[in-house]
Structures are given as C-alpha cells and as structure tokens.
Amino acid sequence: MKAIKTLLFAGAAVAAAGVAIAQPAAPGPRSEMTRDQVAANADQRFQRLDANRDGRVTADELRQAGEQRRSAMQQRRAERQGQAFDRLDTNRDGQLSREEFGQRMAMRGQGERRGMRGPRGRGGPEGRMGMALLGQDGAVTAQEFRDRALQRFDRMDANRDGRIGPDERRGRRGGPGHRGAPAQPQQD
C-alpha cells in the first residue's frame, strides 16, 4: 500500500510539471515562449530530475527532487522570517516589545502593504500529478518528457504560430473551455 501511494505521489508530481515546462520560469506580462524554448526547457528540467544520469526519471528520483525542493523552500522561509523579525526589532534586543509591534502596525495603516507570499502553487515535477508522466515501467525517458512538453505547447498555441503569447497563456488559464472558466453566453 505504501509503495502504491509513493508511486501515485511521484507520478502526480511529474504531471504537474507539464504546464510549468510549457511556460517560462517567470513569464512577464508581455513575454512569449517559442516551441524551441519549451523543448530546451524540458531537456534542462529532465537533466535536473535524472539524478543517476541513466536517461530515465523514476518515482524515487521525483521523490528526491521534491524533498530537495521542500528543503530549499523551508530554508528560504526561515530566512524571510528572520528578516521580518529584524525589521520589527528596531532596538535590536532580540525581542519584540509592544511598542515595536505597534509602530509596525501604524506603518501598515499609512499605506505600507507587505504581505508574505507563499509558494506559487505551480507544483513541480515532483508534485502529486507526476505519476501521469511515468510510463508503465515506472519511468519516463528524456524523449518522452520532451514530447509531452511539446504536446502541451501545441495545445496552448491557439494560433499555431510557434509561440505562446500572453493572450494564449491567459486563455489557457481562464479562457473559454478552461475548467473553472465562466460559461459563455449562448447566442440565439
């Protein structure tokens, strides 16, 4: 039972990576992504996931990548928390007084708005959806990984110009036909 859960978790992770592979790491509002860039991105991601360099990514390698990612996120979170504490601790005594806390809250009321941002929610190849990318043998090859990324790209490239632009990206995330998209009014 534990092995099945592990495989399901790892497989789900690879599938979640699909959308992330077909998009730039941090797409700007006007950025475009070409088919060649998606292929190169998929190849780079595969190389990072293939820990033992055997040309196949397995559930164990996905699990290992997930653990490394979570560890790095926890470390960054701890660093941000330390920085936030340091900003609040104005007299640098290692403790927050009511006065220091009150000053911070007063500053927030005067227009300063800083919120903590959580994970981006994209998931990654090591997330729950990864199992779908693993073949029947429990692994995915570099060519399969790349082909699937290009298939996703082709589905998003609505005008078939070899590029995914901001409009196509928006359309894929929330436009007509997208799960959760508002229903289109029917024409009489």
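Scanning segment 86-128 for residues that are touching a Leu at 6+ places or on another chain (Cβ under 7 Å), in a helix (DSSP H, G or I), at pLDDT below 85 and not aromatic (F, W, Y) yields a total of 2.
Considering each residue of segment 47-105, count those that are surrounded by 13 or more Cβ atoms within 10 Å (Cβ to Cβ) and of a type in the set (G, A, S), and give that number. Going through segment 47-105 one residue at a time, the tally reaches 6. So is D161 at pLDDT 75 or above and within 30 Å of A42 (Cα to Cα) or not? Criteria met by D161. Filtering segment 70-85 for residues that are out of contact with any His (no Cβ under 6 Å at 6 or more places or on another chain), assigned to a helix (DSSP H, G or I), modelled with pLDDT under 90 and closer than 30 Å to F101 by Cβ leaves a non-empty set.
When we screen G135, G171 for residues that are assigned to a loop (DSSP other than H, G, I, E, B) and modelled with pLDDT of 55 or more, the only hit is G135.
The values are calculated or read from the model by the stated rules, or taken from the named source; none is laboratory data. Because the structure is predicted, anything quoted here is derived from the model rather than measured. Cβ coordinates were reconstructed from backbone atoms using ideal geometry, including for glycine residues, and neighbour counts include every protein chain displayed.
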